[in-house]
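**Student:** Have a look at this one.
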Amino acid sequence: QVQLVESGGGLVQTGGSLRLSCAASGRTFATMGWFRQAPGKEREFVAGISWDSNRRLYADSVKGRFTISRDNAKNMVYLQMNSLKPEDTAVYYCATQQGGLPTSTVKSQYHYWGQGTQVTVSS
């Protein structure tokens, strides 16, 4: 089984930066993704990265501001968030896509989830 633990969330001002980390307890060869969920809203795709890092996907709302990366030797995935806005406020979740699928934004294809880390951006 795969267990995921997120860290790095916190409170920042508009325009600030945060780096989220996701530690996996077991090695995975699958796509890793970041999702977020704000109060009263559906959980939405933020960014995804293939096993070999050759494919990276971003939601339009974060493109150019966020960068996803991974270090397979350390079983770590990161999300660098710059130029943060109040609308980025949410709980951010790390997730593992079902193996064998093309890297995608489809939430239902991600079957392992961490507990989330809170990101709050003040206005």
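The values are calculated or read from the model by the stated rules, or taken from the named source; none is laboratory data. These numbers come from a predicted model, not from an experiment. With ideal geometry, Cβ positions are generated from the backbone for all residues, glycine too; neighbour counts draw on all protein chains shown. Protein only, heavy atoms only, side chains kept; ligands, DNA and RNA dropped before computing areas. Shrake-Rupley method; radii C 1.70, N 1.55, O 1.52, S 1.80 Å.
**Student:** Can you sort 34, 51 by 1.4 Å-probe accessible area, starting with the largest?
**Tutor:** Heavy-atom accessible area, descending, gives 51, 34.
**Student:** Using a cut-off of under 18 Å, list every residue of segment 1-38 whose amide N is near the label point 7 Å from the Cα of residue 44 along the Cα-to-beta-carbon line.
**Tutor:** Taking a point 7 Å out along Cα→Cβ of residue 44, the residues of segment 1-38 whose backbone N falls under 18 Å are 15, 33-38.
**Student:** Also, quick follow-up: Roughly how many debye, to the nearest 20, is the charge dipole of segment 1-96 about its Cα centre, given +1 on each Lys and Arg Cβ, -1 on each Asp and Glu Cβ, and no other charges?
**Tutor:** Numbers: 12 positive and 8 negative charges, 33 e Å.
The dipole magnitude comes to about 160 debye.
**Student:** Give the relative contact order (percent, whole number) for segment 1-56; include only Cα pairs under 8 Å separated by 6+ residues.
**Tutor:** Reported as a whole number, the value is 26 percent.
**Student:** Also: Between residue 120 and residue 13, what is the spin-label point distance in nm, taking each point 7 Å from the Cα along the Cα→C-beta axis?
**Tutor:** Modelled inter-label distance: 1.7 nm.
**Student:** Under 8 Å for C-alpha pairs, at least 6 residues apart: give me the relative contact order for segment 2-114, rounded to a whole percent. All intermediate terms of the calculation are to be shown ahead of the outcome.
**Tutor:** Working: 245 pairs, mean separation 37.8, N = 113.
Value for segment 2-114: 33 percent.
**Student:** Another question about this same structure. Accessible area of the chain with a 1.4 Å probe: how many percent of it is carbon plus sulfur? Numbers along the way, then the final one.
**Tutor:** Working: 2990 of 6370 Å².
Exposed carbon and sulfur together represent 47 percent of the surface.
**Student:** Arrange the residues 78, 112, 58 by how much accessible surface each exposes, largest first, with a 1.4 angstrom probe. Please report the intermediate quantities before stating the final value.
**Tutor:** Numbers: 78 30, 112 100, 58 60 Å².
So the residues, ranked largest to smallest area, are 112, 58, 78.
**Student:** Excluding ligands, DNA and RNA, what is the solvent-accessible area per residue of the chain at a probe of 1.4 Å, expressed in Å²?
**Tutor:** Values: 6370 Å² over 123 residues.
Heavy-atom accessible area per residue stands at 52 Å².
**Student:** As a test of reading the structure, rank 29, 45 by solvent-accessible area (1.4 Å probe, protein chains only), most first.
**Tutor:** Result of the area sort, largest leading: 29, 45.
**Student:** Rounded to the nearest whole Å³, what is the per residue volume of the convex hull around the Cα atoms of segment 1-99?
**Tutor:** On the way: hull volume 9.7 nm³, N = 99.
Dividing the Cα hull volume of segment 1-99 by its residue count gives 98 Å³.
**Student:** In nm, give the distance between the simple-model label positions of residue 108 and residue 87, each being 7 Å from the Cα along the Cα-to-Cβ direction.
**Tutor:** Distance between the two pseudo-spin positions: 2.7 nm.
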